[in-house]
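Asks: Before I ask anything, let me first share the structure, which is written out below as structure tokens.
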Amino acid sequence: MTQRPSTPGDEPTEVERRLYDALDPAATRSPAPDLFDRVLGSIADDRARRRRITRALVILAGGIVLLAAIILLFTPRAPNGHLTLDWWILEVFTDVLLIGLALWLGPFIKRFGRAYAADVFHDNPQTGKSYLVLTDIVYYLIFTAYILFTVSFEPRESWGLGVLPAQVAFEAGRIGGILLIIGVLHGLNIVLMPILGRLFSLNRRISGP
């Protein structure tokens with residue numbers, strides 16, 4: 001028969017008693033009354049997650065096909081049959097991509113950080129919600145400013161009327177820049193959020209009754 005763990009002259013601690021109860025093979029445990037509901041909820045959440053992923057992939061594939069069709073149909077061709085892509089087409093495509101990244105990637109990252117934010121602001125959840133709203137406003141202001149600062153309304157000095165490698169490199173740098181901004185802002189938010197949550201909690205305790 002399994003004996004309860006104990007230390008000489010001391011009673012078993014609460015942790016030891018819980019370990020004993022959990023590992024005792026003779027113990028009979030009845031399942032939690034809401035176990036079946038929790039399993040059904042988990043399955044439903046998994047199905048909803050798969051539907052969202054599938055919908056996003058379908059929309060992405062449809063957007064790529066539509067963009068390719070527009071380029072093939074409306075892009076003029078050179079005498080040798082090659083496509084001659086005007087500079088403004090790549091510029092507009094990059095602008096649309098930057099706006100899409102700003103509107104999709106930010107909320108996508110925030111979706112995985114809701115539990116983190118709720119844990120940080122567990123003493124004052126309303127303040128946490130207001131903080132997240134304010135950070136979203138700041139993010140979108142920074143994204144909008146970055147796009148407006150880098151947009152081109154005429155070819156730059158090293159560009160031509162058609163797409164040249166210099167323009168491709170510039171547009172790739174714009175995409176990398178907004179990805180860097182999104183990563184830096186969310187990284188700073190991860191570091192600063194616990195500090196702010198601690199300060200808010202301390203301030204509430206000091207000002208409380």
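The values are calculated or read from the model by the stated rules, or taken from the named source; none is laboratory data. Please read these numbers as outputs of a predicted model, since none were measured by experiment. The accessibility values were calculated without ligands, DNA or RNA, using every heavy atom of the protein model including side chains. Shrake-Rupley method; radii C 1.70, N 1.55, O 1.52, S 1.80 Å.
Asks: Given the whole protein assembly as supplied and a 1.4 Å probe, what does the accessible area of residue 161 come to in Å², nearest 10?
Replies: 140 Å²
Asks: Round to the nearest 10 and report in Å² the accessible area of residue 184, as given by a 1.4 Å probe over the protein chains' heavy atoms.
Replies: Counting only protein heavy atoms, residue 184 exposes about 70 Å² to solvent.
Asks: Show 122, 186 ordered by accessible area, largest first, where the area counts protein heavy atoms only and the probe is 1.4 Å. Present the calculation step by step, with values, prior to reporting the outcome.
Replies: Values: 122 115, 186 25 Å².
So, going from the largest accessible area down, we get 122, 186.
Asks: While we're here: Considering amide H positions built from the backbone, and no H for Pro or chain starts, which residues 5 or more places from residue 84, or on another chain, come under 5 Å of its amide H?
Replies: Under 5 Å from the amide H of residue 84 lie the amide H atoms of 77, 78, each far enough along the sequence or on another chain.
Asks: Still on this structure: Given axes a ≥ b ≥ c from the Cα gyration tensor, I'd like to know whether the range 97-137 is rounded (a/c under 1.5), prolate (a/b larger than b/c) or oblate.
Replies: Working: a/c = 5.52, a/b = 2.14, b/c = 2.58.
Since a/c reaches 1.5 but b/c is at least a/b, the shape of the range 97-137 is classed as oblate.
Asks: Test of understanding: what is the full-extension gain from residue 93 to residue 47, defined as 0.36 nm times their sequence separation minus their Cα-Cα distance?
Replies: 13.2 nm
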